[in-house]
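A short worksheet on the structure shown next.
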Amino acid sequence: MMSQVGFAPGDAKHFTATTKVTRFVVIRDIGGDVVWEGPGASPTGDPADPAAPSRWGGDFSPLAVPGRYKVRTDTGLESAPFTIAADVFDEPRRLVQRVFYYQRAFTAIAPAHAEGPWVHATDAARAPPGVRGGWHDAGDYSLYNMTTVSSLYWLLEAHRDFAPGDDAANLPESGNGVPDLLDEARHGLEWLLSVQTADGGVRNSTCLTTYGAYGANPPEAGSAYVHGEVGTLATARAVGIFGAAAPIYRLVDAAFADRLVAAALRGWQFLEGRPDEHSDGPTCGAYRQDGDVRAGRATRMFAAAGLLVATGDTRFDRAFAASFVEIDEEPSPYRFSAYAALLYRRAAAADPARVAAIDARLATVAREIVTAAGRHPYGWTGRYVWGSLAIGFERAGLLIAVCLTQAPAVPTACRVARSSLDYAFGHNSLGFAYVSGLPGVTTGRRHAFHHWLATLDATPFLFPGAVAGGPNARPEPADGSRPLARPRAVWGYWGDPAMPRSASTPLDGRYTDNDSWSTNEVAIAWQAPAFYNLAFAAWAARQAPQRAAK
């Protein structure tokens, strides 16, 4: 098992196998010429761990000659083809970003930009008055503040750190002189602006409360979207991301940047009037954190950090300190303290002593992630829960941030971070690429839980670049198989005849490529940290000195 996408010439390159490997060779995909030979590696992982039993493998990191290859072991096992090239991550990065286009709400997905059969009419007539922009959160149609803001965080971080400047991703805005990444992020920001109320508060969602049968929900028809409630949690998240975005957009659209700062300051006034409130609303109750004091403080940290970045006003430095909670073990849509800390340290007016303390804590968290990944036979940074791949990418994102800012503190941070992409691209127990439609991939994701795709029922079913939720220890509530459902049978976490599994299936294999939303729903919260990781990989492929051809 190994990445089916491949590696940059200077990357670490590993594979694993289920049987002992004494020797292996790397051969050209066409012609079969041997270009590398090496010894097998000692087993990795804990043989007593049913989630991730031991694996053998090999290392061919010195191979740097661009080309298309396979690995063949002395036991006769042969890998899927893979590529070594400096631009190997460019097209995956483009495709993962483009998923946000397919997820756009209140707009048509047009043939000119769909690059395939994945089109639908606009659902704008179903939106509440004045609501525009945004992305369908996942396989459903609702829009949520929490996942929109966390997704925007990673998209904007990718711009800050790696500046992918592509203006030709075939979006409606392509060719306008603004990087397509910023055009796409603006779509999310416009929704947040549209759901800010006159008093500065921000609604937590724009959502659907009812659906028809799975496979019978065209975007342009059905019940109307409804407003979610205004709350301090949603407002604080929006304030933080408005502030974080403003300096970026000031370079391409000063008027829009001014709108963001004004909206952030109105939201801050709303928060100041409710200092002890940590409110969220019950409408479309996904992601609710109502009454969660820690979440309330962490999101206020994030709000203060964003405004400190945008304005340099030291009152927001004091506000950050007043709301401070310790940085969690990983960034997450549910845990904004790491986002807040990483954003704070970007502010020119940040307190140097506080930045040093944050850096020390981030380095500690990074070392914990590195240690945990070292115990996993595939070096993976995730956990076996709903959205396991996204957790791996979020943790890897923290490792990348530490690598970029304080590499000597955790010298293996960037190398371990890259393992999350390798895992998602096939270096896992199923030898399965968890991202759809990537060039060169031979065994990968083809399906997903997704209402409008199920209704469209196109071939291929799934647009390219969609990141799966990943292996999950157990099904989420109501994720079951309904073979007699109409207009289409539904296969859930258990009972999929194409990928049969049971409670005895090792956790790393608990994924099924069907309608199971416990393992393979499309979600923007999966896409954004994956994009950040790909932006890093594409950038690093061009930064690292390339090894001499052998």
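The values are calculated or read from the model by the stated rules, or taken from the named source; none is laboratory data. What you see is a predicted model; the values in this text were computed from it and never measured. Cβ sites come from the backbone with ideal geometry, for glycine too, and all protein chains shown count toward neighbours.
Scanning region 164-192 for residues being out of contact with any helix residue (DSSP H, G or I) (no Cβ under 8 Å at 6 or more places or on another chain) and either among the aromatic types (Phe, Trp, Tyr) or in a helix (DSSP H, G or I) (or both) gives a total of 2.
Those helices (runs of 4 or more DSSP H) of region 66-163 in which 1 or more residues are among the aromatic types (Phe, Trp, Tyr) occupy 90-102, 145-162.
Residue-by-condition table, conditions (1) at pLDDT below 95; (2) closer than 16 Å to residue 97 by Cα; (3) crowded, with 21+ Cβ neighbours inside 10 Å:
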position	(1), (2), (3)
112	no, no, no
152	no, yes, yes
165	yes, yes, no
170	no, yes, no
185	no, yes, yes
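Among the residues of region 495-526, those that are modelled with pLDDT of 95 or more and of a type in the set (A, V, I, L, M, F, W, C) comprise 522, 523, 524, 525, 526. One residue is enough: does region 457-478 have a residue meeting the conditions crowded, with 22+ Cβ neighbours inside 10 Å, in contact with a His (Cβ under 7 Å, 6 or more places away or on another chain) and either part of a helix (DSSP H, G or I) or not acidic (Asp, Glu) (or both)? So far as region 457-478 goes, yes, one or more of its residues are crowded, with 22+ Cβ neighbours inside 10 Å, in contact with a His (Cβ under 7 Å, 6 or more places away or on another chain) and either part of a helix (DSSP H, G or I) or not acidic (Asp, Glu) (or both). Name the single residue, out of those in region 55-103 being of a type in the set (D, E, K, R) and more than 29 Å from residue 524 (Cα to Cα), that is surrounded by the fewest Cβ atoms within 10 Å (Cβ to Cβ). If we take residues in region 55-103 being of a type in the set (D, E, K, R) and more than 29 Å from residue 524 (Cα to Cα), then 78 is surrounded by the fewest Cβ atoms within 10 Å (Cβ to Cβ).
Here are 424, 454: which of them is surrounded by fewer than 24 Cβ atoms within 10 Å (Cβ to Cβ) and either free of Cβ contacts under 8 Å to residues at least 24 places away in the same chain or not β-branched (Val, Ile, Thr) (or both)?
Matching residue, one of 424, 454: 454.
Set side by side, the residues 396, 401 differ, and just one is of a type in the set (A, V, I, L, M), under 21 Å from residue 523 (Cα atoms) and at pLDDT 95 or above, which is 396. Applying the criterion of being surrounded by fewer than 18 Cβ atoms within 10 Å (Cβ to Cβ) and β-branched (Val, Ile, Thr) to the residues of region 366-393, the residue that is nearest to residue 521 (Cα to Cα) is 385.
Within region 329-348, does at least one residue satisfy the condition of being surrounded by 22 or more Cβ atoms within 10 Å (Cβ to Cβ), touching a residue at least 60 places away in the same chain (Cβ under 8 Å) and hydroxyl-bearing (Ser, Thr, Tyr)? Scanning region 329-348, I find at least one residue that is surrounded by 22 or more Cβ atoms within 10 Å (Cβ to Cβ), touching a residue at least 60 places away in the same chain (Cβ under 8 Å) and hydroxyl-bearing (Ser, Thr, Tyr), so the answer is yes. The number of residues in region 385-401 being more than 18 Å from residue 149 (Cβ to Cβ) and assigned to a helix (DSSP H, G or I) comes to 7.
Let me confirm something: among 194, 151, which residue is among the polar types (S, T, N, Q), under 30 Å from residue 403 (Cβ atoms) and touching a strand residue (DSSP E or B) at 6+ places or on another chain (Cβ under 9 Å)?
151
Against the definition (within 26 Å of the chain's Cα centre (by Cα), of a type outside the set (A, V, I, L, M), crowded, with 17+ Cβ neighbours inside 10 Å and farther than 23 Å from residue 348 by Cβ), how does residue 225 come out, yes or no? Yes: the conditions hold for residue 225. Reported count of residues in region 287-315, each being in contact with a Pro (Cβ under 9 Å, 6 or more places away or on another chain) and more than 19 Å from residue 147 (Cα to Cα), is 2.
Just to check your reading of the model, which residue among 353, 360, 348 is modelled with pLDDT of 95 or more and farther than 28 Å from residue 272 by Cα? Just one listed residue meets the conditions, 360.
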